[in-house]
Structures are given as C-alpha cells and as structure tokens.
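For reference, the structure discussed in these notes is given below.
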Amino acid sequence: MSNELVLHLVVNGEPARALVPASRTLLELLREDLGLTGTKHGCDVGDCGACTVLVNGLPRLACITVAADCAGEHVDTIEGVAVGGQPSAIQAAFDHHVAAQCGYCTPGFVMTLTHLFTEEPEADEASLRHALGSNICRCTGYVKILAAARDAQARMRNPA
Amino acid sequence: MLPLPRFSWEAPDRLPDLVRLAAEPGARLVAGGTDLLPSMKHRIFRPGTLVSTRRVPELRTLRVGADHSLSLGAALSLRELARHAEVRTHFPSLALALGSVATPTIQGMATLGGNLMLDTRCMYYNQPSGWRAALGGCLKCEGTLCHVAPRGAGCYAAHSADTVPVLMLLGATAVFATPNGELPIAVGELYPEDGREGPRCPPGAVLVRVEVPAPQRAVAFRKLRQRAAIDYGLLLTAVAPTPEGWEAVISAVAPQPIRVAAPTREALADAVHKAVQPLPTHQQASTWRKRMLRVEVARALASLPA
Ligand SMILES: Cc1cc2nc3c(=O)[nH]c(=O)nc-3n(C[C@H](O)[C@H](O)[C@H](O)COP(=O)(O)OP(=O)(O)OC[C@H]3O[C@@H](n4cnc5c(N)ncnc54)[C@H](O)[C@@H]3O)c2cc1C
Ligand code: SF4
Ligand code: FES
Ligand code: FES
C-alpha cells in the first residue's frame, strides 16, 4: 500500500525524481512538480489531446495517466523536441504556416506528429488525417495544421 | 481542474498477486485507465486502491494456434492488437473494431480487457459531478430516478464497447482468474440486463485473456458515430452468416448487446429494425438512430462477399 511514492523517471532524456501522492496524474507531475508547463491542460478527461506526451515513444494523454504508472519510463514533452536549440522541423513548419491561433492545442499536435513521422516517415494523407484525429483544435479549422504537417514531413524526408 | 480522488497504487508483476490484490476491499483494477480515470475525475467511482494489470506477463501474452485461433492477453493494447498480422489477416472485422475505438492515441493506451469491462454509458451519467447533482443524480449513481425511462425500474445505460459485437459473432470466450481458479465466460453471456450491474463475473475477478476460436465465417462490422474519431458509437453493428441463415449483434442501444437472427440475408435488416429500440441515452435522437438501424445493417452486409 503506497499513498505517497518516490517516482523516478526520465523526462526529455534527463533523470527526474519526485515525491508525489499516488493519485498524481502525469500532467500534474509535469506541470506542477517539474515545472514543465509546455504540456497543456485542456479538457482533463481524455477528449482533446492537448496534454499529449510520449511515453517510451508512444503518445499518451497525460491528464488520464497515473504518474506512478510511468515509473522508470521515458517521458518526452514539447520542451524536449527542439534539436540543438533550434525548433524541430514540425515546430518550424507550424510557425511558417501559422498553424496556430490561440496555440493551446499546438504542443499536443506537435507530439502526435513527432510520433507519427518517427514511426511512419512515409505516412500518406489518410494516415496523417487518421493520426490527427487524436487532437482537437477549436481555432484553426485544421487546414493550416495539415499544411504544416505535410511540409514538415517533406522536410524531414529531404533535409536541406 | 478535475483532480483524481486519493487512492493508493499497486502494480504487481505476478498473476497470483494481481488476483489477491484485486479481491481486497476497496480495490479496483486499472489497465489503460481511459475509461476508469475520467469516471474517477467525475467522482463516479472512488476506489481506495488502484491495482494495475499492466505488468503481469500472462495478461500481456498473445498466442496464435495452428488453426489461427487466438489467445489475446487482456492487458494488450488495442493498438498492438489492431496492428497484429494474424488479427488483420484472419480477423479483419476485429481489427476494424479495435481501430474504431476513440482515437489512435487512446488506442495505444487502452486495453482489450478494459474494453470488455467498459462501464455502460448514458448522457445523464457520464458527466461532471456538479452536472449530475443539478439533476439529483440518477438510478445508476447518487439518485432515485432514471431520466431516460422515468417510469421504469431499471437503468438502460448503453453497452458501448466497440470490440464486443464482433467478438460475440466470432464466438469468443473471456477467461477470468479468481481466488478460486479460472472461470471462462462466453463474451455473449457477460452483459446483464440492467445498466447498473457490471459484467457478470465475480467481483474483483481478473480478466486474463480473450480466446477467439479459429475463423469460421466472415463477420462485418460498422460503427455509426458523429465524428470519425473520438466519439463513442451511436450504433455498433456486426453481421455474419450462420448455418441456418444470418445474424446480427447490435450494441450502443441497451445495457446488453442484442443478438438478432433472420432466415435470409434480405430479411436481416427488417428483423433488426423490429427487435431493437434505441433509447434516449445519447444526445442524438433515438428516432433517427432507429431509422439508421436498417441502413447500418444493409451497409454491413454490403461489405461482405455476396
Ligand atoms: C475520449 C474517449 C473516447 C472513447 N471512445 C470509445 C469508443 O469509441 N469505443 C469504446 O469502446 N471505448 C471508448 N472509450 C473508452 C475506452 O478508451 C476503451 O473502452 C478502452 O478499451 C478501455 O480500456 P482501458 O484499458 O483504458 O480500461 P480501464 O479504464 O483501465 O478500465 C475499464 C474498466 O475495466 C476494468 N478492467 C480493466 N482491466 C481489467 C481486467 N483485466 N480484468 C477485470 N477488469 C478490468 C476496470 O476496473 C474498469 O472498470 C473512450 C474513452 C475516451 C476517453
Ligand atoms: S439510463 Fe437512467 S438510470 Fe441509467 S444512467 Fe441513464 S439516466 Fe441514469
Ligand atoms: S487535457 Fe488531456 S485529453 Fe484533454
Ligand atoms: S489554435 Fe486554438 S485550439 Fe488550436
């Protein structure tokens, strides 16, 4: 029986440690205990995808993940996707295409696409749209998000 | 903020420990948490201890028989199963049903066991606690009245697990572990008539695996939903030929999936329309869902070879 536990995990490649109640969600752990507020707190019940992070490389909704369930695992958040201090190809394409209005959904979309293009660099339009079904954007109407995603994919396949 | 109520956490890595911990008072099993944790945030459930199924090897094993029969560990994710070559090749309707749950991200978290054990759903129940309190709760949670059928004595919350209609037509069996040994239950026998009762297994029983016999016939599956992602089904439809004719399993309409038989392929849609009455447990009009029954059966049949 453990109401409070000491968690060890690897966040964006760095070891992290926190003493948390067992009822802590991964989202609370990231935002409140580790100060990583890039991962957004949207619906809080698994509907919207704003809180998407990667756990051992796979997307997970941090708002409905018990932090204790990630003990010993690798967690990657939006703070870790930049490469050598430069925005990743996906981040740069979102910027270039203005694929955000309020921007609240953006970290979630970037994490979903980071996983998709790692797993399936050749993802076709159907796979792309299917994957983006995991995330909701209330502002953009998705057209610019799709344009940014296609552009990022092309750049990742043929780096300049 | 919707904080989780306080609980303690157990993540055993041996099946006997899982069975023992799950049988303790106040314990509740959790797998992907994609059904349970939102409900806990909404204060529908307040278990004292969450016991994770995810580290137990027996629940993470997938076995394929020489005849292509399957034994699917209950803690395997929907994503792993939907992508498995044997599932895709020999059980395409199951792959389709697995891939229609929620979203791709949720499919990576959610498990098959959690899907079979999914709580029944209703628009008066799956709501934040303040929303429910404004209506005085309902029979399924905190209240004394059903808002769907105020004159009825039962709860009609809808069975909503996408994989179940197909698993029923494939003749699948759910195998539970209890402190008294293993207990196999046909998937079609699992669901009770009243939406307040959970699946018909002893309290705390651990679903270990789902056994799917060798493929015998083509099964077709359709899910009617508002958006192509995220949404639960408004109608779940599975159809297949039988030695005597045709049968359908319809879900998302009542606490139990409903099995309907007809002598011919042509007669199936009418038989379903006659036997099934969707109730106003969803925001979408039940009159429209009733009309769509015929359409969905016809679409499902059209996706099978003539
Ligand atoms: C936005 C959203 C949309 C969704 N849409 C759909 C949908 O379209 N279709 C659909 O079918 N589902 C949907 N779901 C529900 C859910 O994601 C799936 O049903 C999923 O398969 C549940 O699995 P889980 O492992 O997450 O279950 P959990 O939440 O971990 O558990 C669910 C229930 O099963 C019990 N349980 C889990 N494992 C076992 C076991 N081995 N033995 C005994 N009991 C066990 C738990 O105690 C709990 O009562 C949706 C969820 C969300 C958040
Ligand atoms: S069917 Fe009635 S009792 Fe059941 S959850 Fe809905 S309102 Fe509540
Ligand atoms: S905040 Fe997690 S899915 Fe919306
Ligand atoms: S930019 Fe506002 S929600 Fe997507």
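Pairs linking a residue in region A:20-38 that is under 18 Å from A:ASN3 (Cα atoms) to a residue that is among the hydroxyl-bearing types (Ser, Thr, Tyr) and open to solvent by 20 Å² or more (accessible area, probe 1.4 Å), with Cβ atoms under 8 Å and 6 or more positions apart or on different chains, are A:ALA22/A:SER2.
With a requirement of 1 or more residues that are within 16 Å of ligand 1 (Cβ to nearest atom), the strands (runs of 3 or more DSSP E) lying completely within region A:4-88 that satisfy it span A:52-55, A:58-61.
Name the single residue, out of those in region A:11-42 being open to solvent by 30 Å² or more (accessible area, probe 1.4 Å) and under 15 Å from the mean Cα position of the chain (by Cα), that is farthest from ligand 3 (Cβ to nearest atom). Restricting to residues being open to solvent by 30 Å² or more (accessible area, probe 1.4 Å) and under 15 Å from the mean Cα position of the chain (by Cα), the top hit is A:GLY13.
Could you say whether any residue in region B:88-103 is without any contact (Cβ under 8 Å) to a residue 24 or more places away in the chain, away from ligand 1 (no atom under 14 Å from the Cβ), among the charged types (D, E, K, R) and in contact with a Gly (Cβ under 9 Å, 6 or more places away or on another chain)? Among the residues of region B:88-103, not one is without any contact (Cβ under 8 Å) to a residue 24 or more places away in the chain, away from ligand 1 (no atom under 14 Å from the Cβ), among the charged types (D, E, K, R) and in contact with a Gly (Cβ under 9 Å, 6 or more places away or on another chain), which makes the answer no. Scanning region B:131-146 for residues that are open to solvent by less than 50 Å² (accessible area, probe 1.4 Å), on the phi < 0 side of the Ramachandran plot and more than 16 Å from ligand 1 (Cβ to nearest atom) returns B:ARG132, B:CYS138, B:LEU139, B:GLY143, B:CYS146. Taking the criterion of being assigned to a loop (DSSP other than H, G, I, E, B), open to solvent by 30 Å² or more (accessible area, probe 1.4 Å) and more than 10 Å from every other protein chain (Cβ to nearest Cβ), the residues of region B:9-38 that qualify are B:ASP13, B:ARG14, B:ALA23, B:PRO25, B:GLY26. When region B:250-306 is filtered for residues that are closer than 13 Å to B:ALA240 by Cα and touching a residue at least 60 places away in the same chain (Cβ under 8 Å), the ones remaining, listed by number, are B:ILE250, B:ARG259, B:VAL297, B:ARG299, B:ALA300, B:LEU301, B:SER303, B:LEU304, B:PRO305. Candidates are the residues of region B:92-118 that are assigned to a loop (DSSP other than H, G, I, E, B) and within 14 Å of another protein chain (Cβ to nearest Cβ); the one that is surrounded by the most Cβ atoms within 10 Å (Cβ to Cβ) is B:THR103.
Scanning region B:39-60 for residues that are free of Cβ contacts under 8 Å to residues at least 24 places away in the same chain and open to solvent by less than 20 Å² (accessible area, probe 1.4 Å) yields a total of 0. Considering region B:73-91, and only residues there that are crowded, with 24+ Cβ neighbours inside 10 Å and more than 23 Å from B:ALA300 (Cα to Cα), the residue that is nearest to the chain's Cα centre (by Cα) turns out to be B:ALA74. Scanning region A:47-67 for residues that are near ligand 3 (Cβ under 6 Å from one of its atoms), facing chain B (nearest Cβ under 8 Å) and open to solvent by 10 Å² or more (accessible area, probe 1.4 Å) returns a single hit, A:ASP47. Residues in region B:149-166 that are of a type in the set (Val, Ile, Thr) and assigned to a helix (DSSP H, G or I): B:VAL164, B:VAL166.
Filtering region B:248-306 to residues that are β-branched (Val, Ile, Thr) and assigned to a loop (DSSP other than H, G, I, E, B) leaves B:VAL253, B:THR264, B:VAL276, B:THR281. Figure legend. Inter-residue proximity from region A:132-160: first residues within 14 Å of chain B (Cβ to nearest Cβ), second residues open to solvent by less than 100 Å² (accessible area, probe 1.4 Å) and hydroxyl-bearing (Ser, Thr, Tyr), beta-carbon distance below 6 Å, spacing 6+ or different chains. Indicated pairs: A:GLY133/B:THR103; A:SER134/A:THR112; A:SER134/B:THR103; A:SER134/B:THR105; A:ASN135/A:THR112. Would you point out the residue of region A:120-131, among those that are within 22 Å of A:LEU61 (Cα to Cα) and open to solvent by 70 Å² or more (accessible area, probe 1.4 Å), that is farthest from the other protein chains (Cβ to nearest Cβ)? Among them, the one singled out is A:ARG129.
The values are calculated or read from the model by the stated rules, or taken from the named source; none is laboratory data. Quick caveat, the model's predicted, so the values are computed rather than measured. Note that each Cβ is placed from the backbone with ideal geometry, even for glycine, and that neighbours are counted across all protein chains shown. Please note that ligands, DNA and RNA were not included when accessible areas were found on the heavy atoms of the full protein model with its side chains. Shrake-Rupley method; radii C 1.70, N 1.55, O 1.52, S 1.80 Å.
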